[in-house]
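A quick write-up on the structure given underneath.
The values are calculated or read from the model by the stated rules, or taken from the named source; none is laboratory data. Not measured: the values here are computed from a predicted model. Don't worry about glycine lacking a Cβ; one is built from the backbone with ideal geometry, like all the others, and counts go over all protein chains shown.
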Ligand code: SF4
Ligand code: SF4
């Protein structure tokens with residue numbers, strides 16, 4: 001999809017109530033997933049932890065990040081058919097027996113004001129708001145989505161979150177594509193050992 005236009009699932013047309021129930025499971029990647037971060041998230045979190053400049057970003061990456069895989073369907077305006085690309089991106093390393101984000105302590109986010117955009121906009125990710133099946137699948141994992149009570153989100157608020165989320169992902173993808181999917185060109189502060197095993201995929 002090249003357009004930022006997002007077709008909201010009918011289920012969300014009149015808005016929904018949602019409040020986090022603080023179970024912390026999304027901060028464990030729901031046991032099988034990841035927590036994605038983009039450039040702005042990394043800079044904001046490193047600043048928050050007073051890790052300054054290129055060296056600060058490098059030590060932040062070393063301590064808290066890992067290279068993970070992502071996919072995106074993309075069709076350039078000049079193409080008749082698009083394709084699904086596989087590529088490298090960054091996510092949180094997990095820690096502990098329950099594999100949780102380093103910043104989750106007693107089920108509380110200790111970097112709440114600086115948390116990544118993906119954490120901020122959950123559950124209004126594009127893949128969730130455009131597809132009821134995805135939302136239903138996540139409701140099996142997230143008690144807040146099962147309950148659907150609490151803060152009311154209007155249709156336009158939901159769309160706004162999803163648009164921003166898609167824009168961040170799309171901009172990262174296009175920058176990476178411009179650099180022939182070499183993640184170190186997008187994130188020059190990444191320690192070499194972190195990327196040497198991460199194969200370039202496209
Ligand atoms: S899984 Fe849902 S209820 Fe649990 S912490 Fe995440 S958003 Fe909150
Ligand atoms: S940054 Fe905060 S909200 Fe995001 S995964 Fe870590 S603990 Fe959870």
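Quick check on this structure: which one of 141, 149 is at pLDDT 95 or above, in a loop (DSSP other than H, G, I, E, B) and in contact with a helix residue (DSSP H, G or I) (Cβ under 9 Å, 6 or more places away or on another chain)?
Working: 149 fails: in contact with a helix residue (DSSP H, G or I) (Cβ under 9 Å, 6 or more places away or on another chain).
After ruling out the rest, the residue left standing is 141.
Scanning the range 30-59 for residues that are out of contact with any helix residue (DSSP H, G or I) (no Cβ under 8 Å at 6 or more places or on another chain) and buried (at least 17 other Cβ atoms within 10 Å of the Cβ) yields 34, 58. Being in a strand (DSSP E or B) and more than 16 Å from ligand 1 (Cβ to nearest atom) holds for only one residue in 68, 42, and it is 68.
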